[in-house]
1. Work through the residues other than I31 whose Cβ is under 15 Å from its Cβ and net out their charges, Lys, Arg +1 and Asp, Glu -1.
2. Can you pull the percent of the chain's accessible area that's carbon plus sulfur, 1.4 Å probe, other chains left in place?
3. Place a point 7 Å from Cα of R48 in the direction of its Cβ. Which residues in the stretch 76-93 have their backbone N less than 13 Å from it?
4. Of the peptides 54-63, 75-84, how do they stack up when ordered by the mean number of other Cβ atoms within 10 Å, highest first?
5. Where the Cα atoms of the chain are projected onto their three principal axes, how long is each span, largest first, in whole Å?
6. So who's got an amide H within less than 5 Å of the one on V44, skipping anything under 5 residues away but keeping other chains? H placed 1.01 Å off N, in plane.
7. Between S38 and C23, 0.36 nm times their residue separation minus their Cα-Cα distance comes to what?
8. Based on DSSP H runs of at least 4 residues, each adding -39500 (n - 2.57), what is the mean residue ellipticity at 222 nm of the chain after dividing by all its residues, to the nearest 500 deg cm²/dmol?
Amino acid sequence: MSILAPNTKLTPEYIDKNIILCCGEDANELINSLKNLSFRGTKVHEYRCYRFWKYLNFSLIWTGIGTGTLEPLIWEILFNPTIKSIVNKIILI
């Protein structure tokens, strides 16, 4: 069996059609900022340096900054046909 997302272990249930992708910031500060704006999400997945939350109208993905983390994530979102078919927008913070 081949794994389509070996770097993130990303599967379709972690992804909404709208993604907010945050790189390099403090994950707890990011989540607290969203809570201050009355956004409530649920952490659904964490693997290596990747964390995924689901919110009402978007998925939030947090990772470190740099090509070692960002490029594998983008590749797994845009080149996995199952995941790519779900995603409509990616907003990079």
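The values are calculated or read from the model by the stated rules, or taken from the named source; none is laboratory data. Nothing here was measured: the structure is a model prediction, and the numbers come from that model. FYI the Cβ positions are ideal-geometry reconstructions off the backbone, even for glycines, and counts take in every protein chain you see. Heads up: the accessible areas ignore ligands, DNA and RNA and are worked out on the full protein's heavy atoms, side chains in. Shrake-Rupley method; radii C 1.70, N 1.55, O 1.52, S 1.80 Å.
1. Its environment carries a net charge of +1.
2. 56 percent
3. Residues 76-77 qualify, since their backbone N sits under 13 Å from the label point.
4. Peptide ranking by packing, descending: 54-63, 75-84.
5. Result for the chain: principal-axis Cα extents of 41, 25, 21 Å.
6. Those lying under 5 Å, H to H, from V44 are F52, W53, K54.
7. 3.2 nm
8. Computed mean residue ellipticity for the chain: -8000 deg cm²/dmol.
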